[in-house]
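Quick notes on the structure that follows.
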Amino acid sequence: MPDRSCPLLEVEGLDAYYGDFQALFGVSLTVAAGEVVAVIGANGAGKSTLLKTIAGMMPARLPASVRLEGEAIGGLPANHIVRRGIALVPEGRRLFPSLTVEENLLIGGHLGRSGRWTLDAVYDVFPALAQRRHVPSTALSGGQQQMAAIGRALMSNPRLLLCDELSLGLAPIMVREIYSRLPEIAAEGTAIVLVEQDVNQALAASDRVHCLREGRIVLEGNARSLTRDAITAAYFGV
Amino acid sequence: MDWVNTILQGVLLGGLYALFAAGLSLIFGVMRLVNVAHGDLIVLAAYLALVVTGTLGLDPLAALAVVVPLMALLGYLLQRLLLNRTLGDDLLPPLLVTFGLSVIIQNALLEIFSADSRRLQAGPLEVASLTLPGGLAVGVLPLLQFFLAVLVIAGLQLLFYRTPLGRAFRATSDDPAVARLMGLDNRHVFALAMALSLAVVAVAGVLLAVRSNFDPAIGPARLIFGFEAVIIGGLGSLWGTLVGGVLLGVAQSVGAKLDPGWQILAGHLLFLLVLAIRPEGLFPKVRG
């Protein structure tokens, strides 16, 4: 049963595998309600794998290795996990190409979890989407697609929003624009886990940061107090 | 005037072919499953209608109210208990399993109903006709069937593009993994798609049973007509499927008019012609 005294998300000793290849080795991290946590690391460090495993796109072998308010959810299928309030903005956005922008948002909200996020609320945060609500999602620019992907995840009114590489393939101005909206999202008590290769962006947007290297957490700390040298050393392993 | 009549009859027949095709194309569109047992399921629905009309004393069109929900339920269970297990990256397992299903259905029907030709009686409706200007006479029943076919296809179109269920179908078809992230249970969505497909099959089966004789072995040929209509119309487009069915119907009736032995051949020739000239069909919609 959910226990409000537990942290929102606890990941403890999480392993993940692609066939025989082990991608995560005993990863642990916690996220409190309303907190913004960044996970940084080089390509192939296991960042996306971590988010996919939390969201249920990849199986966690031990149920207790992922807990939401104390409830073991590891290994549940993705469609059960989103019901409990964890939404993922997948890497590469992956909007549904045969749906319009608005239909993409509506399908994100089809479970009908109650909360602040409705079509209007999403359009308030991302006005660019409101103007293009009836065009196919493929007709949006990359930045707008990312906004739609975030909006689609928010429509399920998650308690925890997992964002995989929001900056991927976007112009710097668009990256700043999108990151500038995150405080507004977190202000409502939604916790956010950001996976980023762009370290500066991740540090600026988060409260705490974890660095992954080769499937292990090698550094954890306050985003404001970690020194640049410590982060560089952890990131590259030098 | 004779030729106008021939073409008109072909158009009306084409509605039935479009119904054969719609259920097939719906399943392929949502889950990339080629249902080889589709034709036999149509025949199964025809026999079900035969039993329902025989035991409940309903007329064939009223029997739809029983046959459609029964076939939909069968579709849901078939997908949930059997076909979902065959879906994956490989297209072959569902082909093999539905092929096996086709053999089982044909032989079960043969065992239960024998190889005798059957027919559903529609009473006075069967011979009723309308006289059009110019001295053309159109049977009320074929006309009714054609409008029913158009209605079903329009309904499917609305369902796909205007309802939450249609949204779920399209999203799951686009990207099943991300659809799950939205909370959609693919197994359930696929089962609903199969239920819908077999509901259309039920309508097609009843209309077929009223229109012509049927026996347990005619399923595979209905499957071929369905395939041909889908390919002529273009994959993924419901209205294209209707046009494909109508063209196939017209080709068959023109062929039959030239020589009664050429009916089926003319349909196949049109199909081959479209494959040769426009292999993507007349109104393609499927990407990659």
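The values are calculated or read from the model by the stated rules, or taken from the named source; none is laboratory data. The shown structure was predicted, so the numbers you read here are calculated from the model rather than taken from an experiment. Because the Cβ atoms are built from the backbone with ideal geometry, glycine has one as well, and the counts that use them run over all protein chains shown.
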#### Entry: The listed residue being within 10 Å of chain B (Cβ to nearest Cβ), surrounded by 15 or more Cβ atoms within 10 Å (Cβ to Cβ) and either among the polar types (S, T, N, Q) or under 19 Å from the mean Cα position of the chain (by Cα) (or both), out of A:41, A:108, A:85, A:34
A:108
### Task
Sort through B:195, B:204, B:177, B:209 and tell me the only one that's within 14 Å of chain A (Cβ to nearest Cβ) and either in contact with a Lys or Arg (Cβ under 9 Å, 6 or more places away or on another chain) or buried (at least 20 other Cβ atoms within 10 Å of the Cβ) (or both).
B:177
### Qualifying positions in the stretch B:98-146 - outside any strand (DSSP E or B), among the charged types (D, E, K, R) and surrounded by 12 or more Cβ atoms within 10 Å (Cβ to Cβ)
B:119, B:126
### Message
Can you find a residue that is within 14 Å of another protein chain (Cβ to nearest Cβ), assigned to a loop (DSSP other than H, G, I, E, B), touching a Lys or Arg at 6+ places or on another chain (Cβ under 6 Å) and farther than 22 Å from residue B:40 by Cα anywhere in the stretch B:267-287?
### Response
no
### Query
Taking the stated definitions as given, is residue B:187 within 14 Å of another protein chain (Cβ to nearest Cβ), part of a helix (DSSP H, G or I) and free of Cβ contacts under 8 Å to residues at least 40 places away in the same chain?
no
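Does residue B:158 satisfy the condition of being away from chain A (no Cβ under 14 Å) and either among the hydroxyl-bearing types (Ser, Thr, Tyr) or crowded, with 17+ Cβ neighbours inside 10 Å (or both)?
Against the criterion (away from chain A (no Cβ under 14 Å) and either among the hydroxyl-bearing types (Ser, Thr, Tyr) or crowded, with 17+ Cβ neighbours inside 10 Å (or both)), residue B:158 does not qualify.
Considering B:229, B:251, B:217, which residue is touching a residue at least 60 places away in the same chain (Cβ under 8 Å), surrounded by fewer than 16 Cβ atoms within 10 Å (Cβ to Cβ), farther than 25 Å from residue B:69 by Cβ and more than 14 Å from every other protein chain (Cβ to nearest Cβ)?
Only one candidate qualifies: B:217.
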### Message
So for the stretch B:93-115 (the condition being out of contact with any helix residue (DSSP H, G or I) (no Cβ under 7 Å at 6 or more places or on another chain) and modelled with pLDDT under 90), does at least one residue qualify?
### Response
no
### Message
Among the residues of the stretch A:63-70, are any surrounded by fewer than 24 Cβ atoms within 10 Å (Cβ to Cβ) and in a loop (DSSP other than H, G, I, E, B)?
### Response
yes
### Query
residue A:151 passes all but one of (1) within 11 Å of chain B (Cβ to nearest Cβ); (2) within 17 Å of residue A:185 (Cα to Cα); which number fails?
(1)
### Task
Please determine, by comparing only the residues of the stretch A:118-143 that are part of a loop (DSSP other than H, G, I, E, B) and in contact with a helix residue (DSSP H, G or I) (Cβ under 9 Å, 6 or more places away or on another chain), which one is surrounded by the fewest Cβ atoms within 10 Å (Cβ to Cβ).
A:134
